[in-house]
Amino acid sequence: MFNCIITRRSINADDIDAVLIASATPTHTQFITMAAKAGKAIFCEKPIDLDINKVNECMENIKGTNVPIQIGFNRRFAPLTNKLDTELAKIDGPRFMLFRINAGHIPNDSWIHNDEEGGGRIIGEMCHFIDFARHCAKSKILSVQADAAKNT
């Protein structure tokens with residue numbers, strides 16, 4: 001697990017307006033709740049948590065705080081995405097997207113494969129592409145097909 005430099009004193013400091021949460025995933029909901037209750041804007045790396053019940057509980061805990069919160073999906077904000085959006089806006093109808101990704105090997109003992117901390121490559125990495133596809137489609141994703149190369 002990672003060390004974190006977030007403290008109740010720093011979150012409650014008057015000269016801090018926003019909090020960047022880039023700690024281990026199991027700490028995110030606690031820090032989001034603390035920051036929101038202190039009235040700080042929040043940027044949290046993804047995912048909020050690996051358990052949807054904890055995500056829902058966190059969102060319920062911060063309801064009514066009216067603080068801005070952004071989750072760290074980054075590809076939809078890239079400059080090239082703005083150009084793509086302009087071109088895609090000229091096309092009516094459904095969108096079909098194909099992503100080919102070669103993210104390289106991650107050793108089996110890496111934290112990313114730990115169910116409590118990393119959640120695997122789908123949650124840890126593919127979520128960026130899923131968010132990007134949804135952004136480009138401007139709608140919910142209706143179907144997904146996936147294949148993977150065998151690790152040797």
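The values are calculated or read from the model by the stated rules, or taken from the named source; none is laboratory data. Quick caveat: nothing in here was measured; it's all calculated off a predicted structure. Neighbour counts run over all protein chains shown; Cβ positions are idealised from the backbone, glycine included. For accessibility, only protein heavy atoms count, side chains too; no ligands or nucleic acids. Shrake-Rupley method; radii C 1.70, N 1.55, O 1.52, S 1.80 Å.
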Matching residues, region 24-52, being touching a strand residue (DSSP E or B) at 6+ places or on another chain (Cβ under 9 Å) and within 18 Å of Asn74 (Cα to Cα):
His28, Ala41, Ile42, Phe43, Cys44, Glu45, Lys46, Pro47, Ile48
Only one of Phe2, Phe77, Phe99 is touching a Phe, Trp or Tyr at 6+ places or on another chain (Cβ under 6 Å), modelled with pLDDT under 85, open to solvent by 70 Å² or more (accessible area, probe 1.4 Å) and not charged (D, E, K, R). Can you tell me which?
Phe99
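Say we look at region 108-140 and pick out the residues that are part of a loop (DSSP other than H, G, I, E, B) and open to solvent by 70 Å² or more (accessible area, probe 1.4 Å); which of these is modelled with the highest pLDDT?
Among them, the one singled out is Asp109.
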Among the residues of region 44-63, is any farther than 26 Å from Ile21 by Cβ, open to solvent by 40 Å² or more (accessible area, probe 1.4 Å) and either modelled with pLDDT of 90 or more or in contact with a Cys (Cβ under 8 Å, 6 or more places away or on another chain) (or both)?
no
Residue pairs, Cβ under 8 Å, 6 or more apart or interchain, first in region 9-27 and in contact (Cβ under 8 Å) with a residue 40 or more places away in the chain and part of a helix (DSSP H, G or I), second of a type in the set (A, V, I, L, M) and open to solvent by 40 Å² or more (accessible area, probe 1.4 Å). List them.
Thr25/Leu50; Pro26/Met1; Pro26/Leu50
